[in-house]
Amino acid sequence: AFREQLAEKLRREQLPRAVRYLVCADPPGPRIGNGGSTLHALRCLEEQYGDQWTSFTVLLIHSGGYSQRLPNASALGKIFTALPLGDPVFQMLELKLAMYIDFPRHMKPGVLITCSDDIELYSTGVTETITFDKPGFTALAHPSDVAVGTTHGVFVLDPSSFSGKGGLEYGSCYRFLHKPDVETMQQSGAVCVRGARPQLSSPGSHGDSATASECVYTDSVFYIDYSTAQQLLDFYKQMGTLRCEIDAYGDFLQALGPGATPDYTKNTSNVSKEDSGLVAVRQQLYSLLQGTALNVIVLNNSQFYHIGTTQEYLFHFTAESKLRFELDLQPVAFSIFPDTAKTLDQLSIIQSILEPGCVIGPGSVIEYSRIGPEVSVGKGSIVSGSYINFNVDIPSNCFLSSVSVKITDRVEYVTMVFGVGDDLKKSVKLLSDIHSLQFFGASLLECLDLWSLEASDQLFSSEGTRLGLWTARIFPVCSTLSESVSMSLNMLNSVQHKSPFKLSGFQLLSVQEMLTYKDVEDMLKFRKQIYDEICLQRQKDKSDY
């Protein structure tokens, strides 16, 4: 999927030609986390380019994961999430390259590591440049409210190396905290007063009242110089097969700085699976990296945004968000949008074709879709990759995303539908607990009853271990895209109005299975048809003009 999308962008000349693009998937077997993926990607670079890679400046973007909190990115990749910006539209990949465009010329050979669903915006003085030229690790740091620190990495800055003044400052980090609680941040001296130099305070001297001017410096992008990257690669090669999930942030950065201690290696509380040998691997990494420098570039005028959940996605794209203002996100981007389509400004239409007569409610996002004249979409909904050519009211706070699948040798269609707030990550172990799973505000058990489906182990595609909305086989496979949308909306309608709708005659897939059987080619073909039609319409408008 990634290679195909990159090739198409290069054909359209939407990406720099002189850059080498390499896609590498994790090796088969157990999940290895983004830290394991980083090590594996270094190995792929070496296999592809030999010793040459040690002279490269590399941007490494993590774009794996199932994207369970933003499932319209699950099939084709988070890094290809479309933005309501540009003509034709930009995706996250182009935005990343644009944001980091000044970095390579001030960077010694090495690797810059970033995620695919975050955006860092900053301003620096005319004479200030961000330079990645020191040995070891170098991380960007952003001032954030103390509460934000609990879900991020936090730097305990060395007070002697910072003044707290100016837009950009270089200094060193005493210690890195991974998703710490407020008390830990205060006791370790991570909490600063905005605009003043950080102080290593004695434990507890901050008192309990956090004032608005207090902040912590949180992580985003970090750089590893090539000799440190080489050390990590050698470590990976001598290890043989990795069998546990390593976190590039938690497991690499916590080993750095003079204040690092190995305590974190034994803490497995926020690891998704207790893995074989995780503690041992962490301890080996700790001893490998201990004593390596962690340089920090503090960007005092900067903002970190995350677009990894349906809520964040809707807020940043449709509400009066700071990000929307800063990037100048458009209500309608590269779409055919008739004047008669009723709507308000607070929405986001991305590479879609809307026919006269349709109504889109405020706060909704429509991407890569065709919407017919008799369609109305409620407030705060997401519609992705769909073709809706019949009379229907799509409710508010609805998530609807269509996927092309190939189970035998012909293309078929499945549309997943949920409430925007439904938790696709939540799972239970026992069938008797599935009443606690919520689908569009109702208990899943109640829904199954309305759909004439029986709650059994066979209902889930996960071999009985993780029973949740992600693995529930509830979505009907249909021969056309619009029929699949219609069927899934009938399911939703049945739950909303507590009226039965029989699903028992259909072949049903879970979201997990949709991704296993997805037909990338067909999904990209549908997007390309919309793209071509919009381009054609543009040319026609120009010649009419």
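Would you mind computing, in nm to one decimal, how far apart the modelled labels at Thr516 and Glu183 are, each placed 7 Å from Cα along Cα→Cβ?
Each label point lies 7 Å from its Cα, and together they span 4.4 nm.
Carbon-plus-sulfur fraction of the accessible area of the chain, 1.4 Å probe, in percent? Intermediate results must be reported in sequence, preceding the final value.
On the way: 12080 of 23860 Å².
Carbon-and-sulfur percentage of accessible area, whole number: 51.
May I ask you to derive the FRET efficiency for Glu454 and Ser321 from their Cβ-Cβ distance with R0 = 45 Å, giving the value to the nearest 0.05?
Numbers: r = 44 Å, r/R0 = 0.98.
About 0.55, to the nearest 0.05.
Rounded, prolate or oblate for the stretch 356-395? Axes are the square roots of the Cα gyration tensor eigenvalues, ordered a ≥ b ≥ c, and the cut-off for rounded is a/c under 1.5.
Numbers: a/c = 1.75, a/b = 1.16, b/c = 1.52.
Because a/c hits 1.5 or more and a/b fails to exceed b/c, the stretch 356-395 counts as oblate.
Are there cysteines in the chain with no other Cys C-beta under 4.7 Å, and if so, which?
Those would be Cys115, Cys173, Cys192, Cys215, Cys244, Cys358, Cys398, Cys447, Cys478, Cys535, since no other cysteine Cβ in the chain comes under 4.7 Å of theirs.
In degrees from 0 to 90, rounded to the nearest 10, what is the angle of the helix 226-239 Cα long axis to the longest principal axis of the chain?
Helix 226-239 sits roughly 70 degrees off the main axis of the chain.
Highest mean first, how do 118-124, 508-514 rank when packing is the count of other Cβ atoms within 10 Å averaged over residues?
So the peptides 118-124, 508-514, ranked by packing, come out 508-514, 118-124.
Given an 8 Å cut-off on Cα distances and at least 6 residues of separation, report the relative contact order of the stretch 443-545 as a percent.
Taking the mean separation of contacting Cα pairs over the length of the stretch 443-545, I get 31 percent.
Nearest 10 degrees is fine. How inclined is helix 481-496 to the longest principal axis of the chain, computing both from alpha carbons?
90
Two-decimal Rg/Rh of the chain from alpha-carbon positions, Kirkwood Rh? Write out the running numbers ahead of the final one.
Values: Rg = 24.6 Å, Rh = 25.2 Å.
Ratio of gyration radius to Kirkwood radius for the chain: 0.98.
Please work out how much length the chain gains when fully extended from Thr241 to Tyr66, using 0.36 nm per residue of separation minus the C-alpha to C-alpha distance, in nm with one decimal. Spell out each step's value before the answer.
Details: separation 175, 0.36 × 175 = 63.00 nm, distance 2.26 nm.
This chain segment gains 60.7 nm when fully extended.
Sort 18-31, 39-52 by packing, meaning the average of other beta carbons within 10 Å per residue, with the highest value first.
Going from most to least packed, we get 39-52, 18-31.
Classify the stretch 364-426 from the C-alpha gyration tensor, please: rounded if a/c falls under 1.5, else prolate or oblate depending on whether a/b exceeds b/c. Mind showing how you got there, number by number?
On the way: a/c = 2.49, a/b = 1.21, b/c = 2.06.
Here the stretch 364-426 falls in the oblate category.
Which residues' amide hydrogens lie under 5 Å from the amide hydrogen of Thr292, considering only partners 5 or more residues apart or on another chain, with H built in the peptide plane?
Gly257
Taking the Cα atoms only, what angle lies between the long axis of helix 33-49 and the longest principal axis of the chain, rounded to 10 degrees?
Compared with the principal axis, the helix lies near 80 degrees.
How long are the three semi-axes of the equivalent ellipsoid of the stretch 331-533, in whole Å, if each is the root of 5 times an eigenvalue of the C-alpha gyration tensor, listed from largest down?
Semi-axes, largest first: 29, 19, 14 Å.
Please report the spacing between the Cα centers of the stretch 359-373 and the stretch 7-61 in Å, no decimals.
Here the two parts' Cα centres lie 35 Å apart.
Multiplying the sequence separation of Arg31 and Gln496 by 0.36 nm and subtracting their Cα-Cα distance, what value in nm do you get?
Details: separation 465, 0.36 × 465 = 167.40 nm, distance 3.76 nm.
My answer for the length gained is 163.6 nm.
In percent, how large is the relative contact order of the chain, given Cα pairs closer than 8 Å and 6 or more residues apart?
Details: 1121 pairs, mean separation 67.9, N = 545.
Relative contact order comes out at 12 percent.
With +1 on each Lys and Arg Cβ and -1 on each Asp and Glu Cβ, how big is the dipole of the chain about its Cα centre, in debye rounded to the nearest 20? Don't skip to the answer; put the middle values down first.
Details: 45 positive and 60 negative charges, 108 e Å.
Roughly 520 debye for the chain.
Would you mind getting me the FRET efficiency between Glu13 and Lys165? Use the beta-carbon distance for r and R0 = 41 Å, nearest 0.05.
Numbers: r = 43 Å, r/R0 = 1.06.
Approximately 0.40, to the nearest 0.05.
Roll a 1.4 Å probe over the protein chains and send me the accessible area per residue for the chain in Å².
Value for the chain: 44 Å² per residue.
Once you sort the root eigenvalues of the Cα gyration tensor of the stretch 68-112 as a ≥ b ≥ c, which label holds: rounded (a/c under 1.5), prolate (a/b larger than b/c) or oblate (the other case)?
Working: a/c = 4.00, a/b = 1.69, b/c = 2.37.
Judged from the Cα gyration tensor, the stretch 68-112 comes out oblate (a/c at least 1.5, b/c at or above a/b).
Taking 10 °C and 1.306 mPa s as the conditions, I'd like the Stokes-Einstein D for the stretch 1-90 in µm²/s, using the Kirkwood hydrodynamic radius from alpha carbon pairs.
106
Normalising by the residue count of the stretch 331-533, find the relative contact order in percent from Cα pairs under 8 Å and 6+ residues apart. Intermediate values should be presented prior to the final figure.
Working: 481 pairs, mean separation 34.0, N = 203.
Here the relative contact order equals 17 percent.
Please give the contour-minus-distance gain from Thr54 to Tyr21: 0.36 nm per residue of separation, less the Cα-Cα distance, rounded to one decimal in nm.
Length gained between Thr54 and Tyr21: 10.3 nm.
The values are calculated or read from the model by the stated rules, or taken from the named source; none is laboratory data. Keep in mind the model is a prediction, meaning the values are calculated, not measured. Glycine also receives a Cβ, built like all others from the backbone with ideal geometry; neighbour counts cover every protein chain displayed. Note: areas computed on protein heavy atoms with side chains; ligands, DNA, RNA excluded. Shrake-Rupley method; radii C 1.70, N 1.55, O 1.52, S 1.80 Å.
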